[in-house]
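Here the structure comes first, spelled out in structure tokens, and everything after it is commentary.
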Amino acid sequence: MTISFIHPALIMIVGACLLPLVRGPFRKPYMFLVPLLTFIDVIYLSQHAGTYGVFQFMNWELTFGRVDRLSMIFGFIMALMAIIGTIYGMHVEDEWQHIAAWFYVAGSLGVIYAADYITLFLFWEMMAFASTFLIWARKNDEALAAGYRYILVHTFGGVVLLLGFVLRYQATGDLSFVQLDVASPELYTWLIMIGLMLNAAVPPLHSWLPDAYSKATAIGAVFMCAFTTKTAVYTLIRSCSGFEVLIYLGVIMAIYGIIYAVMENDIRKLLGWEIVSQVGYMVAGVGIGTSLAINGAAAHAFAHILYKGLLFMAAGSILTTTGRQKLTELGGLYKKMPATMIFMIIGGLAVSGLPLMSGFISKSMIITAAFESHLLWAGFALTFVSAGTFLAAGLRLPYLVFFGKNNCSEETWKNADDPSWNMQLGMAIGAFLCIFLGCYTPFLYNMLPNTDVVFHPYNAYHLSETLQVMAFTGFGFYMLRKYVMPQNTISLDMDWFYRMGGRAFLWTVKNPLQWFDTALSKFYKSVGISCLMTTSRFWSWFDWNGIDGLVDGTARCVRAIGRRATIVLQRGNIQQTIYYTVSFAAVLLVAYVWL
Amino acid sequence: MIINLIDYLRDRLQTVKYCCYGVMTFIVIWSMSVDTSHAHTWAEKMIPGFWSLFGLGSCAIVIMVARWYGKSGIQAREDYYDN
């Protein structure tokens, strides 16, 4: 059966291009309709697995639509998040933010359905550039600088990826985006992995994430938290599953993220660190590479997009109404923002993996896969991180924002309120899905890529394990809470190297190089110019006296001879003049005849 | 409504605390009766309330490591990158 293939990304792109033309009362329904149509398209495609949109471009075959179980689940959640994010941001008048967000979603969907590296790269870069505008849309100096850092880092990642797949093409003549041979990795395997890894924010290439997400606009961060890292996880599953180094990197990432999250003062940066930590689970899952681990990585990405979107929506609500995002400037807000508080707590409990919440049914798959693969250290380390996650996002964050000491200024307190209906609706949908996934496991489990494994999260032992860890983490937090109070600090990280490196470069240019340049121009002025002047003075003298003298002398000579001849030959006697003339003519005639 | 509920609970912090301790005790006691055939290592089977200790230890380690790490110079003043 042939089906008509319309690429979901195309709907978003056309929708984004037409958005500025749709104004007034039509704007909001239109904004709801475009992501909805994309979502319907994604569902329609998931009923018809296959390969579509194959084009011949020069010597290469570009495939825009590879629809299989893995691309289905990621396409589904991305399109769903696009709906939630758009509803959340519907009140924003600035259409450029929506256009950037939709292009960004289109880039993500394009990557997910792409089956060759050229198409992948095209959409990969579309994501990077579109999302930069979501940072710049904040329109302050900090956001401008963060946007430049973000785009530079991502351009670097893109170039590494490009280098990787071009080398692979040279070696194998193959551009298809499929599982790489991770058992005997070549240079290009590493380069491709590093390129993809940068987007998944794997240390040491992770600093762009908390930096950019905390500076983006409220709705910008909601979109960004969902798409870049999870699309990267998808590409890692597709190409690098079973790559052992990813287990180590994933576990390091999970621990690293959580330590920074506990130190953080900025709520959106804290959530950014949480993303680093949670994506660590997925990266570790990809590294383990068994059917259960890959299912776990996909499931966790699915659940993560929803609860992290919810947390960023709640943080965005706080930012929108109060204009503040630092814990040292917030606190005690439960009285002013009760609905936001509930949504943030639901998000926090879901990320912590409380039973009946989405995190519980996804995270445990990866941990179980680690134990089943006899990677005990990885299993214990990831359980350790889940305690830290509950501490950072489930306890510390809501406690310090909504309870705890009230650090709000009078103005902040006055402005604090639950946000507009559409923002609350976005959060409500997210919260509902977080609980729904946790309670009705087949919804998510039936979508998972590998159908050969079954997993039952709700067994007594697993429940008792999770509840014990969470209860005693809560107790630990209660006892040690004075050590995790917010402080007016920022945490230095890997971005120190490029921020300070950039400064060192600027200093080198400004100081030694510029000094050298100034010295050179001074030397030139004093020595070069005077040499030049002396030389030119000599030539001017030579020209005046030598060349001009010769020319003038010749002219003077001719004039003198002429004058003398005139005096001798033209004395005013007509007969003499005729005589000379005729004689001269006769001489000429004779000479002509004879010669 | 929620605000009233929270205020009501805040006024009775001691009771809430005892309830929490009660829940914790219940969880630990219940965990001892759970079938441990799914356990991954011997430690989980042999040590009663293994995951409780693990949770408490993890929490303490995360807090202390973060504190030590932050104090070691990683936490810098906010205008660190400003000129």
* To do: Principal axes first, then extents: for the Cα atoms of chain A, list largest minus smallest coordinate on each axis, whole Å, largest first.
  => 147, 66, 57
* Can you pull the one-decimal nm distance between simple spin-label points at A:PHE55 and B:MET64, each 7 Å off the Cα toward Cβ? => 6.0 nm
* For the stretch B:2-74, what mean projected area does the convex hull of the alpha carbons give, in nm²? -> 8.5 nm²
* Quote to one decimal, in nm, the extra length available between A:VAL245 and A:SER521 on full extension: 0.36 nm per residue of separation minus the C-alpha distance between them. => 94.0 nm
* Structure fact -> Using alpha carbon centers only, the stretch A:212-250 is separated from the stretch A:382-402 by a whole-angstrom value of 21 Å
* Structure fact -> Filtered hits (aspartates and glutamates, Cα-Cα < 18 Å from A:LYS414, offset >= 8 within chain) -> A:GLU329
* Angle, helix A:8-18 long axis vs. longest principal axis of chain A, Cα atoms, 0 to 90°, nearest 10? -> 60 degrees
* To do: Quick one: check the C-alpha center-to-center distance for the stretch B:29-83 versus the stretch A:414-492, whole angstrom.
  => 17 Å
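Cross-link list A:LYS215/A:LYS308; A:LYS230/A:LYS336; A:LYS335/A:LYS363; A:LYS336/A:LYS482: which exceed 23 angstrom alpha carbon to alpha carbon? Mind showing how you got there, number by number?
Numbers: A:LYS215/A:LYS308 17 Å; A:LYS230/A:LYS336 34 Å; A:LYS335/A:LYS363 33 Å; A:LYS336/A:LYS482 25 Å.
In this structure, A:LYS230/A:LYS336; A:LYS335/A:LYS363; A:LYS336/A:LYS482 lie more than 23 Å apart at Cα.
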* Remind me, relative contact order of chain A in percent, using alpha carbon pairs under 8 angstrom and six or more residues apart? -> 12 percent
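Quick note: the coordinates plus some simple rules give every number you see, no bench work behind them. Quick caveat: nothing in here was measured; it's all calculated off a predicted structure. Please note: Cβ atoms are built from the backbone with ideal geometry, for glycine as well, and neighbour counts cover all protein chains shown.
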